[in-house]
Amino acid sequence: MNNYLKVILLFTLFVQACSKDEVEKVPSPEYPYTYGVLSKQELDIELQKFNSINTIESLTLNEFGILSGSVPVSLSKGLDSTLVKENISMILKTYGNFIGIDKSVNLNISTDISIRLTGGVDVSLGDYFKYGLIKASPMFLLKQNKLKDRNMENVQVKFYFSQTDNKMQILGRWYPEVYIPEEEIKNPDQALAISIQYIKENHKDVTPLNLSNVEKDKFNKVLYPLQKENKVEIRECWEVTFWDNSVKTLVDTQTGEVVYYLDYGGMI
C-alpha cells in the first residue's frame, strides 16, 4: 500500500471515530418512569382489592387506581392534634397501598406531616398545634422527600379538613416506583445554559440574571413528577438555582427540558 492510500485510510478511520463520538446520546427506553391511567382490567383488579378492605362509602379509586374522596369527621368542637393524627393514621394504615405508601415506610405523624403557612413556611403538625398556629381549613401535607438518594420535588399526599362539610379530603400519591438513569446526558454546564436561555425567553421580568452565586459543582439531582394529560412522568433533573434572583429551574438530565420553574421571591 502506497503512502497516499495509507493517508486516505487513516483519514477515513479518523472521520468515522469522530462521527461516533458526535452521535447524540438518547435516553434509555425505560426513561422516564411513567405512571398512567390503568386499563379496565388493571383497574378492576385494584378495585377488587380496594373493596375487600374499604368500609367508607365516600372513598373510591380514580382512573389511576389512586385513593380518591373524603372521610367524614366530626369537627363540631374544632380541629385538634388528636383528631388529625387519628384520621391520617387510619388512612395510612388501611389505604396506604393506594397512595404509594406501604407498611414498610416508617413515619412519625407529628414530625412528618407538615402545614404550609402564609409566606411559604412549613411547620410540623406537632409545632402547628403546640404553638397555636391554627388557621381555618388547613391543608396537612405528607411529603415524599427522598427516593434512592435523590430529593423529591412536589410529591405529597394532601389531607384537607373542612369544618364546613365535616370531612377530610385526600389528594395525591407518593411514587416509590422510579427509573434512575445510569448516566447524565446533560451536564451541569449545559443545564445552566439551558436555564439561562429559558428564563431570558419566558421570564424577562427577572433578568438580568446574577450568576456570581451560581455554583455548578453543587447542583443537586432531584426527581420531579411531571404532570401530563393522563399520566405522570418521574423526571430526573438538575436543580438550577439563581440565588440573587430568587428563582430556580429543574432541567431534565436526559432531555434538557425545563420541566419546572419557580419564582420563590414572591413567596417571601
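Structural remarks
- Relative contact order [Cα under 8 Å, 6+ residues apart], the range 161-268, whole percent: 23 percent
- Centroid-to-centroid, using Cα positions, the range 47-112 and the range 240-266 are 33 Å apart.
- Coarse-grained scattering of the range 151-200 at q = 0.32 Å⁻¹, given as base-10 log I(q)/I(0) from a Debye sum over alpha-carbon atoms: -1.10
- Number of Lys pairs (Cα under 22 Å; 8 or more positions apart or on different chains) in the range 188-267: 7
- Residue of Ser28, Ser74, Ser212 that the Gaussian network model of the chain assigns the largest fluctuation, springs spanning Cα pairs under 10 Å: Ser212
- Long-range tail of P(r) for the range 52-138 (Cα pairs > 17 Å, %): 56 percent
- Three principal axis extents describe the C-alpha atoms of the chain; from largest down they are 96, 49, 30 Å.
- Length-normalised contact order of the chain in % [C-alpha pairs under 8 Å, at least 6 apart]: 17 percent
- With Cα atoms, 0 to 90° folded angle of helix 40-53 axis to the chain main axis: 40 degrees
- Considering only Thr241, Thr249, Thr55, the mean-square fluctuation computed in a Gaussian network model of the chain, springs between alpha carbons under 10 angstrom, is largest for Thr55.
We did not get these values from a lab; they are worked out from the coordinates using the rules stated. All values reported here derive from a predicted model rather than from experimental measurement.
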